[in-house]
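The structure appears right after this line, and notes come after that.
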Amino acid sequence: MRIDIITIFPEFFKEVISYSILEKSQTKKIVEIKIHDLRKYSLNNQKSVDDYQYGGGAGMVMNIEPIDLCIKKLKSERSYDDIIYMTPDAKKLDQAECNKLSLSKNLIILCGHYKGIDHRVREHIITKELSIGDYVLTGGELACSVLIDSVIRLIPGTISDGTSALEDSFQDSLLTYPIYTRPSTYNGWEVPKILLNGNEKEIKRWREKKSIEKTKATRPDLFKKDFL
Ligand code: 6GU
């Protein structure tokens, strides 16, 4: 998979993509992530990429031209499955969307800023809009980081244990069961005995029961959800 990220803060992503699974998946050539500085596509001397809003009102609006030039250049080099705009006024990202996006070959992700972008970008250039939750961030960069992390980890080969991504919370509409590691007693706090006795069937049944209890208590809405 190739991911092209368009941002006014290219430096931000240098750190984000250089750790853990995101770093390994690039080294293993499973994913190629390219960061594009939107300002490089500004045609004016100040390298500005935003302007006042038509009709008045507070807040700057990102111009269409630099965004269009950047995306046109990318599209002239390869075809893209989706051109995604990260914005709080969009459909909320969920596991089903991550699963779908993980099958893509090429993706462009545009990080928004200021008050938003010229609406013509959304009408004519963007193919998918995503929010990561019902709260407002100062920019799309953090949201984009969440998106690429949640998508890349689903691509086969990125996580060494092939089964683990599929057993996650959410993949089967249930939250995960409690997990423990050594020591079996700490401060008098015990690991549940059933996990220590090696009876696989009983452990499986206990984990299922715990998953259902946890989901009922904290996210009853998940029972109804479809994940593929
Ligand atoms: Cl995608 N962008 C911004 N700026 N804020 C958000 C968001 C995105 N998703 C939730 N809040």
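The phi torsions of region 208-222, fed into the Karplus equation with coefficients 6.51, -1.76 and 1.60 and a -60° offset, translate into couplings of 4, 4, 5, 4, 5, 4, 5, 5, 4, 6, 10, 9, x, 4, 5 Hz, rounded to whole numbers, with Gly and Pro shown as x. May I ask you to derive the FRET efficiency for residue 54 and residue 136 from their Cβ-Cβ distance with R0 = 22 Å, giving the value to the nearest 0.05? Efficiency for this residue pair is about 0.45.
What the Cβ-Cβ distance of residue 96 and residue 190 gives, at R0 = 30 Å and to the nearest 0.05, is a FRET efficiency of 0.20. Under a model in which nothing but the beta-carbon of Lys, Arg (+1) and Asp, Glu (-1) is charged, region 2-152 shows a dipole of about 520 debye around its Cα centre.
The distance between label points at residue 223 and residue 18 comes to 4.8 nm (points 7 Å beyond Cα on the Cα→Cβ vector).
All other residues whose Cβ lies under 14 angstrom from that of residue 80 are scored, Lys and Arg at +1 and Asp and Glu at -1, for a net of +3.
Distance between the 7 Å Cα→Cβ label points at residue 73 and residue 120: 2.0 nm.
For region 195-201, putting each phi into the Karplus relation 6.51 cos²θ - 1.76 cosθ + 1.60 with θ = phi - 60° gives couplings of 6, 9, 8, x, 7, 4, 4 Hz, in residue order, rounded to whole numbers and with x for Gly and Pro. With neighbours defined as other Cβ atoms within 10 Å of a residue's Cβ, the residues 20, 145 order from fewest to most as 20, 145.
The H on the amide N of residue 109, modeled in the peptide plane, is under 5 Å from the matching H of 4, 5, 6, 84, each at least 5 residues off or on a different chain.
With 10 Å bins beginning at zero, the pair-distance distribution over Cα atoms of the chain amounts to 7, 26, 29, 20, 11, 5, 2, 0 %. Each Cα pair under 8 Å and six or more residues apart adds its sequence gap; the mean of these over the residue count of region 169-227 is a relative contact order of 55 percent.
Rule-based calculations on the coordinates, nothing more; no lab input. Owing to the predicted nature of the structure, the values given are computational and were not obtained by experimental measurement. Reconstructed Cβ throughout: ideal geometry from the backbone, glycine too, with neighbour counts over all protein chains shown.
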